[in-house]
Protein chains: 2
Amino acid sequence: MNENKTAGLLIIGNEILSGRTQDANIRFLATRLGELGIPLREVRIIPDIARTIVETVAEMRARYDHLFTTGGIGPTHDDITSACIAEAFGVPWEKHGPSMALLGAHYGEGNFNEARQRMATLPRGAVPIPNPVSVAPGFTIGNVHVMAGIPRVMQAMFEELAPSLERGLPVTQAAVHAVGIAEGDLAAGLGAIQDAHPALDLGSYPFERPDGRRGAALVAKGTDAAAVSQAHEAMLSLIRSLGFEPVEGEALP
Amino acid sequence: MNENKTAGLLIIGNEILSGRTQDANIRFLATRLGELGIPLREVRIIPDIARTIVETVAEMRARYDHLFTTGGIGPTHDDITSACIAEAFGVPWEKHGPSMALLGAHYGEGNFNEARQRMATLPRGAVPIPNPVSVAPGFTIGNVHVMAGIPRVMQAMFEELAPSLERGLPVTQAAVHAVGIAEGDLAAGLGAIQDAHPALDLGSYPFERPDGRRGAALVAKGTDAAAVSQAHEAMLSLIRSLGFEPVEGEALP
């Protein structure tokens, strides 16, 4: 039986909910967590409202083995994630000595103002996640990993954190594109393949190519690489049985 | 007092959680809902697991005036959204006469197989949302609007639905880019502008340009267009007071 740990992702901030910004963090984390065998089970995007953050963190950290958050740890008034995490854990939010020293040295005495000192203020008991891009750290407290929202900073923090995460069985995927076949003609055969491999997730994702050709990406996914391979072969056969030549999709990790 | 209705968005399907697919629906809906004065308050992305869908629909539709869902209404075995919505509402999931007729005529008798008939099977009481792209409808039941996951189809369904949604006060935004100034030097002044306009959401979103220049986008947002304009002027003055020339950001609707 697969005992993989699970992950949730909480994206905090108004810029995606208003449509101002296109999300650029979900796919990176979904892919990397899959590679580490810590599959991502849920994503939530919420505004920077304190009560909403506190309640959502409490709920999601109870539901998943790991909760990753992005956004809201900068120096401005709308950066309230860190204080809210402290509240969710019922611990003080206080200046963190080593981070104060680190950021103080980075900014220099005259520039290490009150706003920047907030970035060195952490929930008591938090362990900083180094930030090789712009110094101000993320942190881990309990099963919650708090990261920046800027993609390049978030990615760097995640890679600092990754070696300390207990890995599970990597999730293997195989994909094939059925170009020119409608999903409705694939459904019965695909359902039969799913029935033959109940431990796998088989998905069908319809698409329309820029040239107007329609079809579906058939994806088999699971931690049993041999079963994924068998299901993949069966999907190739299904497409050929309908008179089409399958187009190999990228085999994601 | 602003009495705008609120919206939640539920994205159903494994392809985004696995990292296989980049989300392409959140930004469209966030923008359009803002224009209609029905601000988007939360997004969740969940896998196609029946219990998860049923529970999340029940929770989110109680929390927001409107719940929009995307994904999982095609013909394959993993398209379980429609049946789960029926369960969440406690109504039968049954063949819908007009949709059966519509899809039967579209596919032709020999091709209107069992899989495709599932796309004409709706929760009792649902009202179809027309699909001008590929015929198979979405539907509205209660305050839940169920749409396809393919962006072009989803967008077409949303525009069919939009005229029937009660509009609120449109959310106005004004943005300005502070290029070359660190957030930590803007924080105090921005906090003062926020204090002067408590009804607005003021946000600071740090960025790094492809050319390596850093800065922050300062955004003022709210339903009081005059206040947004005043806050925008104050943000321009703040940047100039620090010795920089503000760069106008796109003023989103």
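Values quoted throughout were computed directly from the atomic coordinates according to the rules given, and no laboratory measurement underlies them. Values in this document were obtained by computation on a predicted structure and should not be read as measured data. Cβ placement follows ideal geometry from the backbone for every residue including glycine, while neighbour counts extend to all protein chains displayed.
Result for chain A in a Gaussian network model with C-alpha springs under 10 Å: among A:Gly212, A:Gly125, A:Gly168, the largest mean-square fluctuation is at A:Gly212. Bridgeable lysines around B:Lys5 (alpha carbons under 28 Å apart, same-chain partners fewer than 8 residues away excluded): B:Lys221.
When chain B is treated as a Gaussian network with alpha carbon springs shorter than 10 Å, the biggest mean-square fluctuation among B:His66, B:His197, B:His145 belongs to B:His197. Along chain A, counting only trypsin sites (Lys or Arg not before Pro) with a DSSP assignment other than H, G, I, E or B and at most 13 other Cβ atoms inside a 10 Å radius, the longest segment between sites is A:1-123. DSSP assigns beta bridges within the protein assembly as shown; of those with both partners inside it, close to 65 percent run antiparallel. Working note: 222 nm ellipticity from helices only, DSSP H runs with n ≥ 4, each -39,500 (n - 2.57), summed and divided by the residues of the protein assembly as shown, gives -11000 deg cm²/dmol to the nearest 500.
Between the alpha-carbon centres of region B:19-89 and region A:168-197 there is a gap of 23 Å. Mean separation of Cα pairs under 8 Å and 6 or more residues apart, divided by the residue count, gives chain A a relative contact order of 18 percent.
Estimated from the Cβ-Cβ distance and a Förster radius of 22 angstrom, the FRET efficiency linking A:Ala101 and A:Glu159 is about 0.40. Each label point is 7 Å from the Cα along the Cα-to-Cβ direction; what then is the distance between the points at B:Glu94 and B:Val127, in nm? In this crude label model, B:Glu94 to B:Val127 measures out at 2.0 nm. Summing +1 for each Lys or Arg and -1 for each Asp or Glu among the other residues whose beta-carbon sits under 15 angstrom from that of B:Ala120 gives -1. Could you work out the local net charge near B:Asp78, counting Lys and Arg as +1, Asp and Glu as -1, over the other residues with Cβ closer than 14 Å to its Cβ? Charge balance in the 14 Å sphere: -3. The C-alpha atoms of chain B define a longest principal axis, and helix B:97-107 lies at about 90 degrees to it.
Specify whether the C-alpha gyration tensor of region A:140-218 places it in the rounded, prolate or oblate class, a ≥ b ≥ c being the square roots of the eigenvalues: rounded for a/c under 1.5, otherwise prolate if a/b is larger than b/c and oblate if not. Oblate, since a/c reaches 1.5 and b/c is not below a/b. Database remark: amide H of A:Ile129 closer than 5 angstrom to the amide H of A:Gly138, A:Phe139, A:Thr140 (H placed geometrically; neighbours at sequence offset of 5 or more, or on other chains; Pro and chain starts carry no H).
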